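Quick note: the coordinates plus some simple rules give every number you see, no bench work behind them. What you see is a predicted model, and the numbers here were worked out from it, not measured in a lab. Cβ placement follows ideal geometry from the backbone for every residue including glycine, while neighbour counts extend to all protein chains displayed.
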Amino acid sequence: MKHVLVTGGAGFIGSHFVKRIIQSVDIATVTVLDSLTYAGHIENLGTAFLSPKLTFVRGNILDAELVDDLVQRHTAVVHFAAESHVDRSFSAAGAFLATNVHGTQTLLDASMRHSIERFVHVSTDEVYGPLPEGTATEEAPLRPSVPYAASKAASDLIALSYFQTYGVPACVTRSSNNYGPYQHPEKIIPLFVTRLLSGEPVTLHGRGEHVRNWLHVEDNCAGVEAVLRDGTPGEVYNLGGGTDLTGRELTEHLLRTCGATWDAVTYIPDRPANDLRYSIDWSKAAGQLGYRPERVLEDGLAETADWYRRNPDRWAPLMRNLKADRSAHAMPVALAGR
Ligand code: NAD
């Protein structure tokens, strides 16, 4: 794993991952390939630029020539790049299919040609769809109910098919909802935190009963690294183990963390296809890779809120763009998932 190509490394999770692996003595070079969509920010890489190991390439994973050139100079690919926001997928499903499905295929094609040693495809628990009860193991059927999740499910299957068909040593990770510093303020935790810190109201969908598992981004990155190093090609690994919370419970935590009260909260009708509950069984990653999430939710949320409190210059311009986007495209202002 000496030379690692990280797609989407200027996004939320990818940038944490780059800052993590660049410190590894056995990794000689790390190249980030990122097209810097509205969700990607080169500043997210921060201290990673202090390392001579890092190269940043602005480019699209759909650019087959560029991808081929980069892949052939690396031994491993860790693929985070995606259109990642569920609500946007309601109005722009085409962009999700292009990046998430065809972009993944473009990377896999190049990985096949250049006999890459390891391909980690980063995916989501949303591919399993809603679970009224119980937990989904990696063998559970894929029942995505929104275009984002459907595009990720398709890309998971394509990655696994490239292992079966061509022997590309691909693994898939499926994590629950991530939170932590540097997340785009369109996602629920930074959206609520930044609005509450600005003295603005927040809105909950339905009765706030949707259940999500909240995993600190550093715990997910530790799991992705474990899969990069020790995962078995052709296998899927669920990465969960954060804290299950309803929307109301999460809101309660965030109000407390930001020093606000329920007066700041209003309820609006639920959005379409809002999965009631996700839950994954992550015992396979625990048993086979020693994956074990470490962050305590209260500490993680406090640290996250503190980061947004200290860095308004990072999110205030993004919030302004978001508000302009929403009025231009009539996007919903309340979120129940992520
Ligand atoms: P993000 O939206 O913050 O970052 C995505 C990055 O990909 C951005 O930097 C963007 O510029 C880049 N990108 C998008 N399209 C591209 C393209 N065509 N070519 C090159 N770069 C492109 O997303 P995130 O929250 O960091 O999620 C990263 C991955 O993890 C995604 O694959 C997502 O599906 C998955 N995931 C996210 C979560 C979560 O809670 N955020 C949970 C489970 C899985």
Quick note on K284, K152, ordering by fewest other C-beta atoms within 10 Å, gives K284, K152
Amide H neighbours of A136 under 5 Å, counting only residues 5+ apart in sequence or on other chains, H built in-plane at 1.01 Å?
S279, I280, D281
Using only the alpha-carbon atoms, how far is helix 297-310 inclined from the longest principal axis of the chain? Give it as 0 to 90 degrees, nearest 10.
80 degrees
Across the alpha-carbon set of the chain, Rg over Rh with Rh taken as the Kirkwood radius works out to 0.94
Roughly what angle does helix 247-258 make with the longest principal axis of the chain, taking Cα atoms, 0 to 90 degrees, to the nearest 10?
80 degrees
Which residues' amide hydrogens lie under 5 Å from the amide hydrogen of D270, considering only partners 5 or more residues apart or on another chain, with H built in the peptide plane?
G206
Each residue of the stretch 136-146 in order: what ³J(HN,Hα) in whole Hz does its phi give by Karplus 6.51 cos²θ - 1.76 cosθ + 1.60, θ = phi - 60°, with x for Gly and Pro?
8, 7, 5, 8, 5, x, 8, 9, x, 10, 10
Using 17 Å as the cut-off for backbone N distance, which residues of the stretch 1-18 belong to the label zone defined by a point 7 Å from the Cα of R73 along Cα→Cβ?
2-9
Quarter of the Cα convex hull surface for the stretch 50-202, i.e. its orientation-mean projected area (nm²):
11.7 nm²
Got a sec to turn the phi values of the stretch 35-50 into Karplus ³J(HN,Hα) couplings, 6.51 cos²θ - 1.76 cosθ + 1.60 with θ = phi - 60°, whole Hz, x for Gly and Pro?
8, 6, 5, 3, 8, x, 9, 4, 4, 4, 7, x, 5, 4, 5, 6
Under a plain spin-label model, where a point goes 7 Å from the Cα along Cα-to-Cβ, how far apart in nm are R309 and E249?
2.5 nm
Translational diffusion coefficient, Stokes-Einstein: compute it for the stretch 169-234 using the Kirkwood radius over C-alpha pairs as Rh, at 10 °C and 1.306 mPa s, and state it as an integer in µm² s⁻¹.
112 µm²/s
Going residue by residue through the stretch 315-322, the Karplus relation 6.51 cos²θ - 1.76 cosθ + 1.60 with θ = phi - 60° gives ³J(HN,Hα) values, rounded to whole Hz and with x marking Gly or Pro, of 10, 4, x, 5, 5, 5, 4, 4
Quick one: what does P(r) look like for the stretch 81-166 with 10 Å bins over all Cα pairs, in whole %?
17, 46, 30, 7, 0
Restricting attention to the stretch 125-158, which GluC sites (Glu not before Pro) occupy a DSSP loop and are surrounded by at most 11 other Cβ atoms within 10 Å?
E133, E139
Helix 188-197: inclination vs the chain longest Cα principal axis, degrees, rounded to 10, gives 40 degrees
Dividing the alpha-carbon radius of gyration of the stretch 144-187 by 2.2 N^0.38 Å, where N counts its residues, gives 1.50
Evaluate the distance, in nm, between pseudo-label points positioned 7 Å from the Cα of E298 and of A64 along their respective Cα→Cβ axes.
5.5 nm
